[in-house]
Every structure is written in C-alpha cells, then in structure tokens.
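This report concerns only the one structure given below.
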Amino acid sequence: MSVRRLSAQQPDAFAFSPDTMEKAQWWMTKYPAERKASAVIPILWLVQKQEGWVSEPAIRAIGDLLGMPKIRVLEVATFYTMFQLEPVGTAALIQVCGTTPCMLRGSEALMELCRSEIGPKDRLSADGKFTWQEVECLGACANAPMAQINDYYYEDLTPDSLKAIIEAFRRGETPKAGSAAGRHSSEPAEGALTLTDPSLYDGSRAVPITQLPNAKEPAV
C-alpha cells in the first residue's frame, strides 16, 4: 500500500458552499443522529467536488460537522485513493489505467504522451490546468487503453486521440466521453458479431402467447 500524505501547502481555511452544505445535510439525514459519521465518505466527495481536492482545513471542518475526531476523517481520506490530497489541474485530472489489459493495448504510450504534454505524473502542470496519474484497473478492459478524465471514461485511446483531448481541455472545452474509435459500448472493435438481425430483439417477432404451440388459455 502506498503512503498517502496531505499536501505540504495548505489553505488557511475552508468553508462549505451553500450547495455543498445542503447536500451534506441531506446525506446526514440518511443515518440515525448518533451515526451521522457514516456520511463521511459522501461528504468528503462533495468537498472534493467543490474544491477539486481535500485539504487539511476541510478535513477539520468535516470532523466538526459530523462530530467525529479529525483523525478519523483523515484516516478515511488517506485510505481511499479517490480522494485527492493535493491540488489537481483546474481543467482536467487524467487518470490513465496501467493494468495489464490497458498496458497490452498501449497505455504506456499514453503515459509518455502525458509526460510530454503535461509533465511528471502526480504533479500539477506548470499552467495549473492538468494533473495526470497512473491508476489501477478502472473496469473498462474491453475498451482498453482508457483513462478516466474528471468524472468520465475516455476509451480506445491512442496517443493522437489523447493529445487532441488534452488540447480541447486546454482550450476550455469538454470533449465527448466514450470511445475515441467510435465503438458502441463494449462491442468488438470490428463491430457487432452477434444479434445483428434487429428482429431478434426489437419485438417484431413477438406473437401472443395463445398462438404458441400447445398454449392453453390462461385460467380466469
């Protein structure tokens, strides 16, 4: 297990936005009052959505809100790698899958592209717009290689398509998520090979049950 520590650079304070606080209160109502600390994970996530990362002042504020020791909030934040403990790019957090299926399909070339376009992994880019990371399996192996960028999956990537995506984010755009090769869902790369006749699943072959062989009238 990797060691995860809070950033050496911390803001002076943290404040919940009205929207974040409203959603946090909603999550807290899902648990008995004496168990409101159970809402720590969704509230950490809400804070990260607000700020882009989880700071030490935010951890203290969450502890105060939930009536739990700050160290307990810190334990959760440092355990789950979905929580960013340092500032990340304002335009895009790019998490490139490096597990075996993606590696075999070219993820190392994607990481090299990130190094050349953004800089070292796990570090904020010079312009403050990008951070990239190597992560473990994101569960889209059939569409390898892929990366999660902010909240969405970008699949069937090549260095050229990932470069175009990065350039779009740099311009302030949000590129369309999904397959860069135009693949539908997780069908074979060369197109669907089964159930190619729409009548097999569009209902056009359906007949009333009473017309089926040996069918009996339903009991009244």
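The values are calculated or read from the model by the stated rules, or taken from the named source; none is laboratory data. The shown structure was predicted, so the numbers you read here are calculated from the model rather than taken from an experiment. Here the Cβ positions follow ideal geometry from the backbone for every residue, glycine too, while neighbour counts run over all protein chains shown.
Exactly one residue out of Arg205, Arg183 is surrounded by fewer than 17 Cβ atoms within 10 Å (Cβ to Cβ) and among the charged types (D, E, K, R), and it is Arg205.
Remark: pairs (first residue in the range 70-82, at positive phi and hydrophobic (A, V, I, L, M, F, W, C); second residue buried (at least 16 other Cβ atoms within 10 Å of the Cβ) and not in a helix (DSSP H, G or I); Cβ separation under 7 Å; 6+ apart in sequence or on different chains) are absent. Surrounded by fewer than 20 Cβ atoms within 10 Å (Cβ to Cβ), in contact with a helix residue (DSSP H, G or I) (Cβ under 6 Å, 6 or more places away or on another chain) and not basic (Lys, Arg): is that true of Phe83 in this structure? Spelling it out, Phe83 is indeed surrounded by fewer than 20 Cβ atoms within 10 Å (Cβ to Cβ), in contact with a helix residue (DSSP H, G or I) (Cβ under 6 Å, 6 or more places away or on another chain) and not basic (Lys, Arg).
Return yes when Phe83 is of a type in the set (Phe, Trp, Tyr), closer than 30 Å to Ala33 by Cα and at pLDDT 95 or above and no when it is not. Yes: the conditions hold for Phe83.
The residues in the range 93-129 that are surrounded by fewer than 17 Cβ atoms within 10 Å (Cβ to Cβ), out of contact with any helix residue (DSSP H, G or I) (no Cβ under 7 Å at 6 or more places or on another chain) and in a helix (DSSP H, G or I) can be counted, and the count is 7. Listed by first and then second residue, the pairs with beta-carbon distance under 6 Å, at least 6 apart or on different chains, first residue in the range 109-130 and free of Cβ contacts under 8 Å to residues at least 40 places away in the same chain and not assigned by TED's automatic domain parsing to the domain that holds Phe169, second outside any loop (DSSP other than H, G, I, E, B) and surrounded by 12 or more Cβ atoms within 10 Å (Cβ to Cβ), form an empty list.
Name, by its number, the condition in (1) polar (S, T, N, Q); (2) closer than 28 Å to Glu155 by Cα; (3) under 22 Å from the mean Cα position of the chain (by Cα) that does not hold for Ser116. So Ser116 meets the others, but not (3).
The residues of the range 171-201 that are closer than 30 Å to Ser116 by Cα and touching a Phe, Trp or Tyr at 6+ places or on another chain (Cβ under 8 Å), listed by number, are Pro175, Ala177, Gly178, Ala180.
For the range 33-53, taking the residues that are loosely packed, with under 14 Cβ neighbours inside 10 Å and not hydrophobic (A, V, I, L, M, F, W, C), the one that is farthest from Glu134 (Cα to Cα) is identified as Glu34.
Filtered by the rule that a residue be within 22 Å of Glu75 (Cβ to Cβ) and either hydroxyl-bearing (Ser, Thr, Tyr) or in contact with a Phe, Trp or Tyr (Cβ under 7 Å, 6 or more places away or on another chain) (or both), the range 1-41 gives Ser2, Ser7, Thr20, Ala24, Tyr31, Ser38, Ala39. For Leu157, the conditions (1) assigned by TED's automatic domain parsing to the domain that holds Cys137; (2) of a type outside the set (Ser, Thr, Tyr); (3) assigned to a loop (DSSP other than H, G, I, E, B); (4) without any contact (Cβ under 8 Å) to a residue 24 or more places away in the chain all hold with the exception of (4).
Filtering Asn150, Asn143 for residues that are surrounded by 12 or more Cβ atoms within 10 Å (Cβ to Cβ), within 24 Å of Gln48 (Cα to Cα), in contact (Cβ under 8 Å) with a residue 12 or more places away in the chain and polar (S, T, N, Q) leaves a single hit, Asn150.
Checked against (1) part of a loop (DSSP other than H, G, I, E, B); (2) closer than 28 Å to Tyr80 by Cβ, Ser204 passes all but a single condition, namely (2). Counting only residues that are in contact (Cβ under 8 Å) with a residue 12 or more places away in the chain and surrounded by fewer than 18 Cβ atoms within 10 Å (Cβ to Cβ), the range 54-69 holds 5 of them. Taken together, the criteria place Thr100 among residues that are among the hydroxyl-bearing types (Ser, Thr, Tyr) and over 23 Å from Pro175 (Cβ atoms).
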